[in-house]
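Novice: Sharing a structure here in C-alpha cells format.
Just so it is clear, none of the values below were taken in a lab; they were calculated from the coordinates. A quick note: this is a predicted structure, and the numbers were derived from the prediction, not measured. Here the Cβ positions follow ideal geometry from the backbone for every residue, glycine too, while neighbour counts run over all protein chains shown.
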C-alpha cells in the first residue's frame, strides 16, 4: 500500500480541526460507488457525507467501576459522574464536528416533543420494560390517515441488547414492521424461586441469598427503618453475604460467595467488550443504512452467539395481528361478571402477550371516573385494595365497558374493553 | 500502575462471571500482536485491551493519512503524519492502565526479511488488511512456531476472518445445554446403597413429597428391571408405561384424588432424559483415538496427559464411563435429602478424580516428569469437564492456498446454493490476487492517490 505524499489539514469550520483532506474518503466510497450492494435508486445527500453531526444521548445512570471493562468512553476518574455527560464530552473532543448533547434523565422523563425531533432512535436499554416504553412512545407519535400510517410520522427504532456472549439487534419501523410487543413471547421468562423453597427448603446457595434478601432484610432493617437494600452499596452486600453464609451453614449448603451474593441481589448479567462491540456495530450499520438510504436495511432481527464458534442468523419477525401495542385493535377482556377484580389484574400481569408490571386501572362508573386499583401510591393502594376481592358486577362495571390501564410498560394509557361471559 | 487485586476484581466483575479467575489469568498472560492499525485492527485491540490482556504490540510501517484519521476512533487529526503504530498505541493504551502497549514502526515484510523469530513471542498474531504474499509468508513462520494467526479484512460491508491454529485445546467449553450426568442406567455402588435407604411405601406424606425425583426414578427403575429381565424401558410405549407406574406411586388423599406431589411430576417429566444411556460422547472418543493421546511424551501438554489418564480410567475403573461429573440439577426436595443426594455424586466424582490422578502420576513418571507438574485442582477441573472437552484444529494457510490441497468440492458445492456466501470468499481471494499482480486494488485509478483498501 502506497503512502500519502504529505499530511493534509484543511482549514474548516471549527477552528481548523474539523475538516482535513481525505477525512470522508471511506464514507464517499460507500455512498458514491454503485455496485451489487448499493440501492439502485440511491443518491447521496450532503449531510450523509459529513458523518452524523448531531446526537442526543439519554442515560439515567452514573458510572460504576464495573462498567470500565467494556464501556470505553469512561475512565476510572469518571466513576460517579453521569454517563450521558461523560460520553458526550469524550465524543465531542475525539470526533471534531460531532455534537453530542447529554440528558442525564430517565427515558420516561422526556415527552413526545423531545422524541419527535429525531430521525432515528437507537436503544441499548437494560430492561424489557424500558424497551416497551420507548416502543410505545414512538407508536404514540404515529399519524394515521384513512387507517394507513403516514410514513413521515414513522421514526425508526434500532434496538440492541447483549448478555455474555449472546446478543441481538433489530430494526423496528413503528406501525410498519413488528414492534417490541409483537415479539414479547420471544423473551424467556424471568426465573424466580418458589417462596416455599426460599422460606423452608433451600437447596442451592442462591436460595439462601434470596432468603436473606426477601425475608431477613425487611424483618431486620439492618441499616435503618425503611432503608431498602441497595445492591450498589458494598456494606449492604456484605451484610447479605454474611447472613447467607449462616443460612447456608444451617442446611449444609456450600457455594455462597461474595460474588454470587452480589450477582443474585443485583440480578447481574455477565458482560464483555466484544459482544457489545458486535451488536453496537450491527446497530450502527443499520442507522447508517437508514440515514443514507444507500443499502438495504436489516429485515428485521439479528441473533448473535459466539459461545461456541460463531453463530449468527437473521429473520423477519412478524407483526402480531392483535398486538396490544401496535395493532390499533382494542383488546377485549373476557370475564364473567361474578369474577373477582383480582382475576382481571392477574390476567394483565400474567398473560404472555401483556406482561404488565403493576397496572393501574380506572373506569367510568355511573358517569364518574373511578380508580379501581393503583399500586404505586401507598394511600391509594390501601384505599382501593378492597376492590380486588369484589366482583366486577359489585364494582358497577357493565358489559362493553372501557377500562383504562396505565403501566410502566407503556407511556400511553391502554384501553381495554370488558366483555362479560356467562 | 499496579491495580490492587480488589480493584481489578471490581473492574472485571462482569467478565469474571463468564470465564472465572483462571480465565482472567490466562488473558493477563497473553501478549497480542496486531499488524496494521486500521479501523478494523484498532477495534479488535480495543476489545482485548478493555478486558485486560497482558500486553499488545502493534506492527505497522504506515504513516497516518487523512483518510485513516477519518475512519479510525483511535487516531486523531493530530496523528496525521505520524507513524500509525505509534499513534494508535497511545490512544489504545489509555483505555486500560493494566495493559502494556508497545509498537514497532516497521512493515511485517521487513520483519519477515530480517527477524522472523520476532513473531514467536506472541500468544496470537492478528493480521489486518495484509496482502496475500505477506499472509502466506507470515503464515508459514507462525505455523511452524505454533503461534495462532487470525487474518481479518473489512471490505465495505463485507467482513472476513480466518483463524489459523494448529491445535487449540479447550477444557472449559461452557456448553449452553449440557445433559446431566446422573448415571441412572449405570448406578454406581454408592448410589445404589443410598437409594436403599429410601422406602417410598412407608414414608409419611411430607417425606414422600420431598423425595428427589432422581431417587424416585431410580427406585421404580429397579423394580422395572427386575420385572423385565434386566431390560430398561426402550421405546415410547415402554417409557409411557414406566411413567404411568410412577404416576401410580403418587399418594392419594381421602377422596381418592391425587395429592399434589410436584417431585413425582418432575420424575415423570424427566423419565426421557433420565433413561438416556450413559456413554462417552463421540467427540471425546475421537480425542481418545488421536495420535496426541496415544503417544504421550515429555513434550505432551498437560491437556493430552490428562486426557490419556481419563482414557485409562474409562477402560479400567470407569468400566466404559467417564469420571462422574458430580453436579446435579436443582429439584423439588427438602434440603437434607437434596444435600445428601448431591454429596453422593460429589464424593463419587472425587473418587473418580483421584483414580484419574493416579493415572496422571504414572504417565508423568513414565516420561520422566515430576508428578506435581499437573495440579490436583487442574485434574479435578478436567474430570468435571470431561464430557465437554474440545480441540480446535485448522488447516494451514499454505494448504488452503495450494492448488493441490484446495477444498474444491466444498467450494463448488456451496456455489450451487443461491444463499451461499461462498461467492464473497472467491471475490476476496480474487481481489487479493489482483493486488498481488498490480500493486493496487481493483477500482482505483492510478491517477488518484493510492490509499489501499478500507
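Novice: In which sequence would B:304, B:143 go, from the one with the fewest C-beta neighbours within 10 Å to the one with the most?
Specialist: B:143, B:304
Novice: Could you list the residues of the stretch A:99-120 with an amide nitrogen less than 18 Å from a label point located 7 Å from the Cα of residue A:143 in the Cα-to-C-beta direction?
Specialist: A:112-120, by backbone N distance to the label point.
Novice: Using alpha carbon centroids, what distance separates the stretch A:345-415 and the stretch A:55-86, in Å?
Specialist: Using only Cα atoms, the two centres lie 38 Å from each other.
Novice: Taking every residue in A:22-29, how many Cβ atoms of other protein chains lie within 10 Å of its Cβ, on average?
Specialist: If you average over the peptide's residues, the count of other-chain Cβ atoms is 6.
Novice: Kindly state, to the nearest 0.05, the FRET efficiency for residue A:232 paired with residue B:413, given R0 = 51 Å and r defined as their beta-carbon distance.
Specialist: Working from the Cβ atoms, E equals 0.40.
Novice: Here's a follow-up. Tally the DSSP beta bridges in the stretch A:99-255 and give the antiparallel ones as a percent, rounded to 5.
Specialist: If we restrict to bridges inside the stretch A:99-255, about 75 percent are antiparallel.
Novice: Which whole number gives the average, over all residues in A:64-72, of C-beta atoms from other chains lying within 10 Å of the residue C-beta?
Specialist: 6
Novice: Still on this model: Between residue B:223 and residue B:186, what is the spin-label point distance in nm, taking each point 7 Å from the Cα along the Cα→C-beta axis?
Specialist: 2.7 nm
Novice: Provide the packing ranking of B:167-177, A:399-409, i.e. peptides ordered by the mean count of other C-beta atoms within 10 Å per residue, highest first.
Specialist: A:399-409, B:167-177
Novice: How high is the FRET efficiency between residue B:102 and residue B:163 when r is their beta carbon distance and R₀ equals 25 Å, given to the nearest 0.05?
Specialist: 0.60
Novice: Could I have the simple spin-label model distance between residue B:234 and residue B:86, label points 7 Å from Cα toward Cβ, reported in nm to one decimal?
Specialist: 7.7 nm
Novice: Please give the peptides B:408-420, B:318-330, B:265-277, B:75-87 ranked by average Cβ packing (other Cβ atoms within 10 Å per residue), highest first, as a rough proxy for protection.
Specialist: Highest mean packing first, the order is B:75-87, B:318-330, B:265-277, B:408-420.
Novice: Here's another thing I want to ask about it. Determine, for B:12, B:155, A:211, the number of other Cβ atoms within 10 Å of each Cβ, and report the residues in order from fewest to most.
Specialist: B:155, A:211, B:12
Novice: Would you mind classifying the stretch B:187-273 by shape? Square roots of the alpha carbon gyration tensor eigenvalues, ordered a ≥ b ≥ c; an a/c under 1.5 is rounded, otherwise it is prolate if a/b is larger than b/c and oblate if not.
Specialist: Because a/c hits 1.5 or more and a/b fails to exceed b/c, the stretch B:187-273 counts as oblate.
Novice: Would you compute, from DSSP H runs of 4+ residues alone, the mean residue ellipticity of the protein assembly as shown at 222 nm, taking -39500 (n - 2.57) per run and dividing by the full residue count, rounded to the nearest 500?
Specialist: Taking each H run of at least 4 residues, the total per residue is -11500 deg cm²/dmol.
Novice: Once you sort the root eigenvalues of the Cα gyration tensor of the protein assembly as shown as a ≥ b ≥ c, which label holds: rounded (a/c under 1.5), prolate (a/b larger than b/c) or oblate (the other case)?
Specialist: oblate
Novice: Of all DSSP beta bridges in chain A, what percent run antiparallel (nearest 5)?
Specialist: Within chain A, antiparallel bridges account for around 75 percent of the total.
Novice: Ranked highest first by average number of other Cβ atoms within 10 Å, how do B:225-238, A:229-242, B:393-406 line up?
Specialist: Per-residue mean Cβ counts within 10 Å order the peptides as A:229-242, B:393-406, B:225-238.
Novice: Mind checking the mean number of beta-carbon atoms from other chains within 10 Å of the Cβ atoms in B:12-24?
Specialist: 5
Novice: Another one. Using 0.36 nm per residue, how much length does the chain from residue B:420 to residue B:301 gain when fully extended, once their Cα-Cα distance is taken away?
Specialist: 39.0 nm
Novice: Also, I was wondering about something else. State the antiparallel share, in %, of DSSP beta bridges confined to the protein assembly as shown, rounding to the nearest 5.
Specialist: DSSP beta bridges in the protein assembly as shown are roughly 60 percent antiparallel.
Novice: Further, regarding this structure: Between 0 and 90 degrees, rounded to the nearest ten: what's the tilt of helix A:273-292 against the longest Cα principal axis of chain A?
Specialist: 70 degrees
Novice: Specify the angular offset, from 0 to 90 degrees and rounded to the nearest 10, of the alpha carbon long axis of helix B:262-274 from the longest principal axis of the alpha carbons in chain B.
Specialist: On a 0 to 90 degree scale, this one is about 60.
Novice: Starting from 0.36 nm per residue, how many nanometres of slack lie between residue B:193 and residue B:351 once their C-alpha separation is accounted for?
Specialist: 55.3 nm is the gain from fully extending residue B:193 to residue B:351.
Novice: Using only the alpha-carbon atoms, how far is helix B:132-144 inclined from the longest principal axis of chain B? Give it as 0 to 90 degrees, nearest 10.
Specialist: 50 degrees
Novice: So, R0 is 60 Å and r is the distance between the beta-carbons of residue A:93 and residue A:216; what FRET efficiency does that work out to, to 0.05?
Specialist: 0.80
Novice: Rounded, prolate or oblate, given the Cα gyration tensor of chain A, with a/c below 1.5 counting as rounded?
Specialist: In terms of gyration-tensor shape, oblate.
Novice: Given the C-alpha centroids of the stretch A:95-166 and the stretch B:43-100, what is the distance between them in whole angstrom?
Specialist: A separation of 33 Å, based on Cα centres.
Novice: Given the C-alpha centroids of the stretch B:388-423 and the stretch B:251-276, what is the distance between them in whole angstrom?
Specialist: 51 Å
Novice: Can you sort A:258, A:301, B:345 so the residue with the fewest Cβ neighbours within 10 Å comes first?
Specialist: Ascending Cβ contact count within 10 Å gives the list A:258, A:301, B:345.
Novice: Sticking with this one: Please compute the modelled spin-label separation between residue A:310 and residue A:352, points set 7 Å along Cα→Cβ, answer in nm with one decimal.
Specialist: Here the modelled spin labels are 3.3 nm apart.
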